[in-house]
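Student: The structure that follows is given in the form of structure tokens.
Any read-out appearing in this document is the output of simple, stated calculations on the displayed coordinates, not a laboratory observation. Here the structure is a predicted model, which means the values were calculated and not measured. Cβ atoms come from the backbone with ideal geometry, glycine included; neighbour counts cover every protein chain shown.
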Amino acid sequence: MRLKYLPSFVKRRGRITKKQEENIEELINFSVSSINDIESESNGFKSIVIEIGFGDGENILTIAKENPDTLYIGSEVYLSGIGSLIGKIKENNLSNIRIYNNDARVLLDTIKTPIFDNMLIICPDPWQKARHHKRRLINHSFLELARKSLKENGGLYISTDWKDYAEGILEAINQAEGYIVLETQLFEDLPVTRFQARAIKEDREIFKFNLKKAN
């Protein structure tokens, strides 16, 4: 079957610990598979935030603990990260995180009415080789897809630790319609993830983009 979107990830099993494997068996208890699921789960919450590509779950766990009135949807395809996050959800007895285990663009493409108050994408796969740049998640088409899913004045936060990717993101933002570039940070005191810490250690700058959906 022909895919609508060129994969921005390589979905492979990778190394999974026994504990992660056990947690993955409980995924059904923490997952959503459609916008209808998210709407159903959102009852009682003041806002809905999606993080695309949550990695090991370091960031989404931290902000979910700090904001119990917000429902967080974490989109991830790597099973090791999903297993790690489920374990952390259970350890912290959190009820405001749900997991979407698929390409986030498939979910966003089904949205007819804006649903998310904010969206975060922290250091997406940079696909460093030039011939693979077309696989990068952030481009003009993605920004349009994201904008349609955001509520009025909804925020979009993107970061990357690769300079050429940052240049491509900025070019896509300049071409996109319906966004306002903010001088302030949408999210204060976000934790430094493992990948960001490695970038900092390697003297790479973390480029941050803060956008708001225009009225």
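Student: Local charge sum around GLU51 (other residues, Cβ-Cβ under 13 Å, Lys/Arg +1, Asp/Glu -1)?
Tutor: Working: positive: ARG98; negative: ASP56, GLU58, GLU76, ASP117.
Combined, the nearby Lys, Arg, Asp and Glu give -3.
Student: Using only C-alpha positions, report the orientation-averaged shadow area of the convex hull of segment 73-137, nm², one decimal. The partial results should precede the final answer.
Tutor: Working: hull surface 23.2 nm².
Mean shadow area of the hull around the Cα atoms is 5.8 nm².
Student: Counting other Cβ atoms within 10 Å, keep those with at most 12, restrict to DSSP loop, and tell me which GluC sites (Glu not before Pro) in segment 148-215 are left. Each step should come with its number before you reach the end.
Tutor: On the way: sites: GLU152, GLU167, GLU171, GLU177, GLU183, GLU188, GLU202, GLU205; in loops: GLU177, GLU183, GLU188, GLU202, GLU205.
In loop regions of segment 148-215 (DSSP not H, G, I, E or B), the sparsely surrounded GluC sites (Glu not before Pro) are GLU177, GLU183, GLU188, GLU202, GLU205.
Student: Using a 7 Å offset from the Cα along the Cα-to-Cβ direction at both LYS129 and GLU91, what is the distance between the two label points in nm, to one decimal?
Tutor: So the label points at LYS129 and GLU91 sit 3.6 nm apart.
Student: Next up: Using alpha carbons only, what's the Rg to Rh ratio of segment 30-69 with Rh from Kirkwood?
Tutor: Values: Rg = 10.9 Å, Rh = 11.3 Å.
Ratio value, two decimals: 0.96.
Student: With only alpha-carbon atoms counted, please give the Rg and Dmax of segment 115-178, in Å.
Tutor: Cα radius of gyration and Dmax of segment 115-178 are 11.9, 37 Å respectively.
Student: May I ask you to sort THR160, THR110, THR62, THR184 by Cβ crowding, counting other Cβ atoms within 10 Å and putting the fewest first?
Tutor: On the way: THR160 27, THR110 10, THR62 15, THR184 7.
With the fewest neighbours first, THR160, THR110, THR62, THR184 line up as THR184, THR110, THR62, THR160.
Student: To the nearest 20 debye, what is the magnitude of the charge dipole of the chain about its Cα centre, counting +1 on the Cβ of each Lys and Arg and -1 on the Cβ of each Asp and Glu? Could the numbers behind the result be given before it?
Tutor: Details: 31 positive and 31 negative charges, 173 e Å.
It comes to approximately 840 debye.
Student: For the residues SER149, SER40, SER159, what sequence is obtained by ranking on other C-beta atoms within 10 Å, fewest first?
Tutor: Details: SER149 23, SER40 10, SER159 20.
By the 10 Å Cβ count, ascending: SER40, SER159, SER149.
Student: Taking the dipole about the Cα centre of the chain, with the C-beta of Lys and Arg at +1 and of Asp and Glu at -1, give me whichever of ALA197, ASN29, SER80 is farthest to the positive side.
Tutor: Positive-end residue among those listed: SER80.
Student: Find the percent of Cα-Cα distances in segment 145-204 that exceed 17 Å, and round it to a whole number.
Tutor: Percentage above 17 Å: 53.
Student: Loop-only check: which trypsin sites (Lys or Arg not before Pro) in segment 106-175 are DSSP coil with at most 16 other Cβ within 10 angstrom?
Tutor: On the way: sites: LYS112, LYS129, ARG131, LYS134, ARG135, ARG136, ARG147, LYS148, LYS151, LYS163; in loops: LYS112, LYS129, ARG136.
Answer by residue number: LYS112, LYS129.
Student: Hey, what's the Kirkwood Rh for segment 38-102 if you take every pair of different alpha carbons, in angstrom?
Tutor: Numbers: mean 1/r = 0.0864 Å⁻¹.
One over the average 1/r among Cα pairs gives 11.6 Å for segment 38-102.
Student: When N is the residue count of segment 36-162, what does its C-alpha Rg come to as a fraction of 2.2 N^0.38 Å?
Tutor: Working: Rg = 14.5 Å, N = 127, 2.2 N^0.38 = 13.9 Å.
Relative to the rule-of-thumb radius for its length, segment 36-162 sits at 1.04.
Student: Next question, about the same structure. Return the sequence-ordered ³J(HN,Hα) values of segment 152-158 in whole Hz as given by the Karplus equation 6.51 cos²θ - 1.76 cosθ + 1.60 applied to θ = phi - 60°, using x for Gly and Pro.
Tutor: Going residue by residue, I get 4, 6, x, x, 10, 10, 10 Hz, with x marking Gly and Pro.
Student: In whole Hz and in residue order, list the ³J(HN,Hα) couplings for segment 26-36 that follow from phi through the Karplus curve 6.51 cos²θ - 1.76 cosθ + 1.60, θ = phi - 60°; x for Gly and Pro.
Tutor: Karplus values, whole Hz, x for Gly and Pro: 9, 3, 4, 7, 10, 9, 10, 10, 7, 5, 4.
Student: Looking at the chain from every direction and averaging, what is the projected area of its Cα convex hull in nm²?
Tutor: Details: hull surface 49.9 nm².
Averaged projected hull area, Cα only: 12.5 nm².
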